[in-house]
Each structure stands twice: as structure tokens, then as C-alpha cells.
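One structure below.
The values are calculated or read from the model by the stated rules, or taken from the named source; none is laboratory data. Predicted model only: the values in this text are computed from it and were never measured. FYI the Cβ positions are ideal-geometry reconstructions off the backbone, even for glycines, and counts take in every protein chain you see.
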Amino acid sequence: MPTYEVLDDIVKRANQSEKLREQLKGDSRVVQFDVDGGKFALQIREDGSMRLERGSSESPTVTLTASGDVMDGILAGKMNGVQAFITGKLKLSGNIMAAQKLVSALEKARQ
């Protein structure tokens, strides 16, 4: 399943979980994904809810760049995001802590 659809499914489940929304609550931020040249942005609102849209954000908090295989592996829990970053398979720019908080929440939403 392509990355956008996998992430969209995770976002829907996360939005239904009060516990996950509470974990993401706080500052509004945007996570920009660049996967094999396809771009989409995940907006995390102050109330912890999320919205995923195709295209680019003008001012993302953090940008994640990877191949579709790598990003799909990370989202499916088959690949460790930190190891992907260390080995250069995943590139990050911007606020890395925002990415770490998102990864933690997505792991819980996937369960």
C-alpha cells in the first residue's frame, strides 16, 4: 500500500483515540513528507487532532524525505526510523524533536 494511504489510515485511527490526541496536544506543527518525489503534509493541531493533505506546506516544522519502501517500512513498523536516519535512508530537516514525537504517536496508533 502506498505511503499516503498507510499514513491516512493511521491518522484516522489516531484521531479516534483520545489518548493519542492527548499525547500530541500542544503546539500546532506540520510534518512534510517527500516520498519518491510525491509530497504530502501532516498537520497536527493544538488539540492533538491530525489532518493529512497532498502537496507541500509553505512552512513545515520538519521535513521527512525517503523512498517509498523506506517510509512504508517505517510506518508499518518493519523498519526502525532512527536506524533509517542514521544509515541515511531517511533524511530530516527542521525540528527533529517534532518528528520523534510524531513517530512515537504513530507507533501507538498502529497497534
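Restricting to region 90-99, name every residue that is part of a helix (DSSP H, G or I) and either surrounded by 14 or more Cβ atoms within 10 Å (Cβ to Cβ) or among the charged types (D, E, K, R) (or both).
So in region 90-99, the residues part of a helix (DSSP H, G or I) come out as 96-99.
Within region 90-99, Ala98, Ala99 meet the criteria.
Here's the yes/no breakdown for (1) farther than 14 Å from Thr3 by Cβ; (2) outside any loop (DSSP other than H, G, I, E, B):
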residue	(1), (2)
Arg21	yes, yes
Val31	no, yes
Asp34	no, yes
Ala41	no, yes
Gly48	yes, no
Leu64	no, yes
Asp72	no, yes
Gln83	yes, yes
Gly88	yes, no
*If Ser57 satisfies every condition in (1) in contact (Cβ under 8 Å) with a residue 12 or more places away in the chain; (2) in a helix (DSSP H, G or I) but one, which is the exception?*
(2)
*asked:* Looking at (1) closer than 26 Å to Gln16 by Cα; (2) buried (at least 18 other Cβ atoms within 10 Å of the Cβ); (3) not polar (S, T, N, Q), which one does Gly77 not meet, given that it meets all the others?
replied: (2)
*Among the residues of region 12-54, which ones are of a type in the set (Lys, Arg) and free of Cβ contacts under 8 Å to residues at least 60 places away in the same chain?*
Lys12, Arg21, Lys25, Lys39, Arg45, Arg51, Arg54
*asked:* So Met1 ticks every box in (1) in a helix (DSSP H, G or I); (2) modelled with pLDDT under 90 but one. Which box is left unticked?
replied: (1)
*In region 54-74, how many residues are more than 19 Å from Gly37 (Cβ to Cβ), surrounded by fewer than 18 Cβ atoms within 10 Å (Cβ to Cβ) and in contact with a strand residue (DSSP E or B) (Cβ under 6 Å, 6 or more places away or on another chain)?*
0
*Out of all the residues in region 70-90, which are over 13 Å from the mean Cα position of the chain (by Cα), within 22 Å of Leu24 (Cα to Cα) and not hydrophobic (A, V, I, L, M, F, W, C)?*
Asn80
*Could you run through region 80-111 and say how many residues are out of contact with any Leu (no Cβ under 7 Å at 6 or more places or on another chain), farther than 20 Å from Leu20 by Cα and either in contact (Cβ under 8 Å) with a residue 12 or more places away in the chain or not polar (S, T, N, Q) (or both)?*
8
*Among the residues of region 33-66, how many are of a type in the set (S, T, N, Q) and in contact with an Asp or Glu (Cβ under 6 Å, 6 or more places away or on another chain)?*
1
